[in-house]
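Enquirer: Please read through the structure below; I'll follow up with questions.
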Amino acid sequence: MISLQTKLSDLSGIGPTRLKAFQKLGLQTVEDLIYHFPRYFENWGRPITISQLKSKGKGVIKVKVILVHQRKTFKKKMFLTEAIVSDNKDSLKVIWFNQPFLKKILENKEIYLAGKITSDPSYGLSLINPVWEKINPYPIHTTGLVPVYPLTSKLTQKQIRSFIWLIFKKNSYFKDWLPDEIKKEQNLIDFDWAIRQIHFPSSLDNFKKAKKRLEFDELFLLTLANRIVRQTLKNKNAPSITFNSELTNKFLKTLPFKLTPSQKKESWRIIKDIEKPHPMNRLLCGDVGSGKTIVAILSILNCLNNNYQAVYMAPTEILAFQFFERTKKMFKDFSFKIALMTKSNLYLNEKQFKTKKALIKNIKEDGVNLIIGTHSLIAGEDTLKIKNLGLVIIDEQHRFGVEQRAKLAKNEKKGLSPHFLSLSATPIPRSLALTLYGDLDISYLSDMPEGRKKVITKIFNEEEKKFAYKAIRERLEKKELAFIICPLIDPSGKINSKSVKEEYAKIKKEFSNFKVEMLHGKVKSQEKIKIIQDFSQGKINILVTTNIIEAGIDIPKATIMLILSAERFGLSQLYQLRGRIGRSEKQAYCFLIYENVGEAKKRLEAFLRAKNGLELAKEDLILRGPGALFGYEQTGHLAKFSLIDFKNISSIENVKRVALKFSSKYDIKKFPELWKKIKNYISS
């Protein structure tokens, strides 16, 4: 018998190559696979006659293969498998491309065929590349509602369906972990029926019931897990970091700006949090350019002043280096030792190290105050152990897993857990924030620094791009800098979008009297940092790049941005990108060039209308789902929430209410299956 914990490698038919493909989708066990839900369904309905198919144009037919012929086309040199099929009343021509194995499999067989009738000049009236399946009592590829799954190379839809069907066939019943009391109160079907119907629904009504149950499960587990994590943190001890008002005020006077009201308010909340003897676990959200960094620096200052160490983890090497340079300048009047540890850069103040091991040894022996880096701080064998850790700040990483937290959280001297502060420039709608981050306290920076002017934003089609070029030239002549953004690095034959490498050549020619450079994810880390430094100093006038620069890059001299193929970006992405300009008192301009009309232009007009990032985030949530808010690289945890409708606030609130009521009424540990499920959920 196959259990939920059975590894996919133990299933018959899954060898090393196929296993690697499953792992690429994040699937390791049977449980992972049955929670790999369909993206949508192809509704083929019940079998019809060939005559009805010719009339309707689309459907599934039950036929016998009368004749199969195979040949190689002269022009395109591909295999062509041609068949004549019959249902005893009518016949039809069927064609498959590059599937030579079909001749032996299908000859004289009775099969189902699902597809669309095509009237092709070369082949006549025929079914081209239909899905086929041998006649059997339970067809899963060709009749009714057929699931279509997220794929990767080396895997087909048929393979995923077949393995999931095999799992269901070998398991007569999946034990339910949700208490009967809740199922009855919420009118929910059993888990076993739900998990089968979500993949192979016998009707649309049954699919809706399955979705309702599994969506409830996701929210219910999330709410309880968040509550348990929050309670666990409250039971832990943390260093009490005393606020030094005299030192803080003295530091603030050295800054060339004044804090905004919300910066003051949220800085004070964080300071009060870290004074407590229990770990802070807070998410600081702020619109682009709202000044989250200085709030983080104030908490670092007080931590270091209490003789505790602090760690700052950035999402990229560029941002880690930028923060390192900034804190060295800001703390120049203090004797703090500041280390930078990334894959390509190893520094302790001005001293550079050749190996990570050498820097770690120096950190241990020399009592470094602030350690800045990326996730390389906790990666590999040379994991950093900090004996007197008081504060961890994670920038633009919305989830910091249990294992990663454990690597940093142990204070070897006193058994204390550090305070955690996460920073997010993503404007997250409150309903989504409270659902995803219920284990965190949430702070919002609601206003912008004084003197900032609103970025003037305009939309142009491809033919009007010359107006944008004219404006860029005017800015460059005033010694200001320009970003040009493309969705792709290399040209693509599949996607009609601008690429950095292609546009770089065009921009160099167009602006031949200015220094133009390109930056993208394939550029080596050291070179990336050098390019950003040169651009910041005005040695480069135009930077042609991708959305690699959307988070945290702070270059006040950059005042103009041209976003090509703008329709390829989410609204929140566009907002983040535009946030890279307008970071000084100078007027900034952002031009969006679109290639496709209709819906693309409507979306971009919504971008123009929005007053702030939160409005755009809500719009993106409706248009594209939660993944659009965070970008692909930051959404691993969102895969768990594949069924949740984040627009349905009342449903979310209902499940949270039920979960909190249940956990207040009962000791969850007395429900073994539920407790086991929650523990597995938290650890994942």
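Enquirer: Read through the list (1) over 20 Å from Asn388 (Cα atoms); (2) part of a helix (DSSP H, G or I), then give the number of the only condition that Glu365 fails.
Expert: Evaluating Glu365 over (1) over 20 Å from Asn388 (Cα atoms); (2) part of a helix (DSSP H, G or I) leaves (1) as the failure.
Enquirer: Could you tell me whether segment 339-358 includes any residue that is assigned to a helix (DSSP H, G or I), at pLDDT below 95 and basic (Lys, Arg)? Talk me through it step by step, then tell me what you get.
Expert: So the first thing to find is which residues in segment 339-358 are assigned to a helix (DSSP H, G or I), and the list is 356-358.
Okay, now just the ones that are also at pLDDT below 95, so 356-358.
If we keep only those that are basic (Lys, Arg) as well, we get 356-357.
Among the residues of segment 339-358, at least one is assigned to a helix (DSSP H, G or I), at pLDDT below 95 and basic (Lys, Arg), which makes the answer yes.
Enquirer: Name the single residue, out of those in segment 37-51 being under 17 Å from Thr156 (Cα atoms) and out of contact with any Leu (no Cβ under 6 Å at 6 or more places or on another chain), that is surrounded by the most Cβ atoms within 10 Å (Cβ to Cβ).
Expert: Applying the first criterion (under 17 Å from Thr156 (Cα atoms)) to segment 37-51 yields 37-42.
Those still in the list that are out of contact with any Leu (no Cβ under 6 Å at 6 or more places or on another chain) too: 37-40, 42.
Values: Phe37: 17, Pro38: 22, Arg39: 10, Tyr40: 10, Glu42: 16.
Checking each candidate, the answer is Pro38.
Enquirer: Being modelled with pLDDT under 90 and either more than 14 Å from Ser497 (Cα to Cα) or assigned to a strand (DSSP E or B) (or both) is the filter here; which residues of segment 557-571 pass it?
Expert: Answer for segment 557-571, where residues must be modelled with pLDDT under 90 and either more than 14 Å from Ser497 (Cα to Cα) or assigned to a strand (DSSP E or B) (or both): Gly570, Leu571.
Enquirer: Evaluate the following for Ile386: is it assigned to a loop (DSSP other than H, G, I, E, B) and buried (at least 21 other Cβ atoms within 10 Å of the Cβ)? Quick ask: steps written out before the conclusion?
Expert: Numbers: assigned to a loop (DSSP other than H, G, I, E, B): yes; buried (at least 21 other Cβ atoms within 10 Å of the Cβ): yes.
For Ile386, the condition - assigned to a loop (DSSP other than H, G, I, E, B) and buried (at least 21 other Cβ atoms within 10 Å of the Cβ) - is met.
Enquirer: Right, another one. Would you call Leu233 at pLDDT below 95, out of contact with any helix residue (DSSP H, G or I) (no Cβ under 9 Å at 6 or more places or on another chain) and of a type in the set (A, V, I, L, M, F, W, C)? Lay out the reasoning, then the answer.
Expert: Details: at pLDDT below 95: yes; out of contact with any helix residue (DSSP H, G or I) (no Cβ under 9 Å at 6 or more places or on another chain): yes; of a type in the set (A, V, I, L, M, F, W, C): yes.
So Leu233 fits the description; yes.
Enquirer: If you don't mind, another one. Among the residues in segment 458-473, are any closer than 26 Å to Phe607 by Cα and touching a Cys at 6+ places or on another chain (Cβ under 8 Å)? First the steps, then the outcome.
Expert: First, pick out the residues of segment 458-473 that are closer than 26 Å to Phe607 by Cα: 458-473.
Retained after the next criterion (residues that are touching a Cys at 6+ places or on another chain (Cβ under 8 Å)): 458.
Within segment 458-473 (the criterion being closer than 26 Å to Phe607 by Cα and touching a Cys at 6+ places or on another chain (Cβ under 8 Å)), the answer is yes, since at least one residue qualifies.
Enquirer: Could I ask something else about it? Is it true that some residue in segment 518-537 is assigned by TED's automatic domain parsing to the domain that holds Tyr504, in a strand (DSSP E or B), touching a Leu at 6+ places or on another chain (Cβ under 9 Å) and not hydroxyl-bearing (Ser, Thr, Tyr)? Outline the logic, then answer.
Expert: Taking segment 518-537 first, the residues assigned by TED's automatic domain parsing to the domain that holds Tyr504 are 518-537.
Those left that are additionally in a strand (DSSP E or B): 518-519.
The next check asks that each one be touching a Leu at 6+ places or on another chain (Cβ under 9 Å); those that pass are 518-519.
Checking the rest, the ones that are also not hydroxyl-bearing (Ser, Thr, Tyr) come to 518-519.
The answer is yes; a qualifying residue exists.
Enquirer: What residue, of Phe41, Phe22, Phe37, is of a type in the set (A, V, I, L, M, F, W, C), in a strand (DSSP E or B) and within 17 Å of Leu151 (Cβ to Cβ)? Even if it seems obvious, please write down each step before you answer.
Expert: Values: Phe22 fails: in a strand (DSSP E or B); Phe37 fails: in a strand (DSSP E or B).
Checking each option against the conditions leaves just Phe41.
Enquirer: Hey, can you tell me all the residues within segment 227-243 that are of a type in the set (Val, Ile, Thr) and surrounded by fewer than 20 Cβ atoms within 10 Å (Cβ to Cβ)? Give the steps one after another, and end with the answer.
Expert: First pass over segment 227-243, keeping only residues of a type in the set (Val, Ile, Thr): 228-229, 232, 241-242.
Residues satisfying the conditions are Ile228, Val229, Thr232, Thr242.
Enquirer: In this structure, is Ile294 under 24 Å from Ile338 (Cβ atoms), touching a residue at least 12 places away in the same chain (Cβ under 8 Å) and assigned to a loop (DSSP other than H, G, I, E, B)?
Expert: no
Enquirer: How about segment 147-161: which of its residues are part of a helix (DSSP H, G or I) and free of Cβ contacts under 8 Å to residues at least 60 places away in the same chain? Let's see the steps before the verdict.
Expert: In the first step, residues of segment 147-161 are kept if they are part of a helix (DSSP H, G or I); the result is 157-161.
Of everything in segment 147-161, those that are part of a helix (DSSP H, G or I) and free of Cβ contacts under 8 Å to residues at least 60 places away in the same chain turn out to be Gln157, Lys158, Arg161.
Enquirer: Any chance you could count how many residues in segment 116-130 are at positive phi and in a strand (DSSP E or B)?
Expert: Within segment 116-130, the first condition is being at positive phi, and the residues that meet it are 124, 129.
Filter once more, keeping what is in a strand (DSSP E or B): 124.
The qualifying residues number 1.
Enquirer: Whether any residue in segment 209-226 is more than 30 Å from Met448 (Cα to Cα), in contact with a helix residue (DSSP H, G or I) (Cβ under 6 Å, 6 or more places away or on another chain) and exposed (fewer than 14 other Cβ atoms within 10 Å of the Cβ) is what I want to check.
Expert: No, every residue in segment 209-226 fails to be more than 30 Å from Met448 (Cα to Cα), in contact with a helix residue (DSSP H, G or I) (Cβ under 6 Å, 6 or more places away or on another chain) and exposed (fewer than 14 other Cβ atoms within 10 Å of the Cβ).
Enquirer: Quick one: count up the residues across segment 116-154 that are in contact with a Ser or Thr (Cβ under 9 Å, 6 or more places away or on another chain) and charged (D, E, K, R).
Expert: 3
Enquirer: If you don't mind, there's one more thing I want to ask. If I ask for residues that are in contact (Cβ under 8 Å) with a residue 12 or more places away in the chain, assigned to a helix (DSSP H, G or I) and over 26 Å from Asn235 (Cβ atoms), which ones from segment 253-287 would you list?
Expert: Those that are in contact (Cβ under 8 Å) with a residue 12 or more places away in the chain, assigned to a helix (DSSP H, G or I) and over 26 Å from Asn235 (Cβ atoms): Pro261, Ser262, Gln263, Ser267.
Enquirer: Let me ask something additional. Condition check: outside the structural domain of Ala194 (by TED's automatic domain parsing), farther than 30 Å from Lys211 by Cβ and of a type outside the set (Phe, Trp, Tyr). Does Thr29 satisfy that? Outline the logic, then answer.
Expert: Values: outside the structural domain of Ala194 (by TED's automatic domain parsing): yes; farther than 30 Å from Lys211 by Cβ: no; of a type outside the set (Phe, Trp, Tyr): yes.
So Thr29 fails the test.
The values are calculated or read from the model by the stated rules, or taken from the named source; none is laboratory data. Worth saying up front: this structure is predicted, and the values here are computed from it rather than measured. Quick reminder, even Gly has a Cβ in these numbers, built from the backbone with ideal geometry, and neighbours come from all protein chains shown.
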